[in-house]
Amino acid sequence: MINYAAKYTKIDSGYMGQLVEWPEVVTEGKDLEECRAMLRDALNEMVLAYSRTGMEIPAGNALIEQLPVEVQNVGQTT
């Protein structure tokens, strides 16, 4: 079992989902639930395609961390 980190971005038509460790796996859905389901399906299809062609499946299990930054004063000199 491999875990992949999913990144979801709000777009005009709903959400775009993409895997951090495998950026070629990307899809869209009208809401977050649909986007998750479509991303799982896209991942399964990519694993199958890579397996059939003998391509190496990207390693997963990335450590994802949020890094806060205050942008109000970024780039200003005193």
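The values are calculated or read from the model by the stated rules, or taken from the named source; none is laboratory data. Because the structure is a prediction, the values reported are computed rather than measured. In this analysis, Cβ positions are derived from the backbone assuming ideal geometry, glycine residues included, and neighbour counts consider all displayed protein chains.
Looking across region 3-30 at every residue that is β-branched (Val, Ile, Thr) and out of contact with any Asp or Glu (no Cβ under 9 Å at 6 or more places or on another chain), the one that is farthest from GLN66 (Cα to Cα) is identified as VAL26. A Cβ distance below 7 Å, combined with a sequence gap of six or more or placement on separate chains, defines the contacts here; from region 50-70, residues that are at pLDDT below 85 reach residues that are part of a loop (DSSP other than H, G, I, E, B) in the pairs ALA62/ALA5; ALA62/VAL20; ALA62/GLU21; ILE64/ALA5; ILE64/VAL20.
Rundown of residues vs (1) surrounded by fewer than 15 Cβ atoms within 10 Å (Cβ to Cβ); (2) assigned to a strand (DSSP E or B); (3) among the basic types (Lys, Arg), yes/no style:
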residue	(1), (2), (3)
ASN3	yes, no, no
LYS10	yes, yes, yes
PRO23	yes, no, no
GLU28	no, yes, no
ASN44	yes, no, no
PRO68	yes, no, no
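Here region 12-21 is the region considered, the condition is being under 13 Å from the mean Cα position of the chain (by Cα) and farther than 18 Å from GLU56 by Cβ, and the residue that is surrounded by the fewest Cβ atoms within 10 Å (Cβ to Cβ) is MET16.
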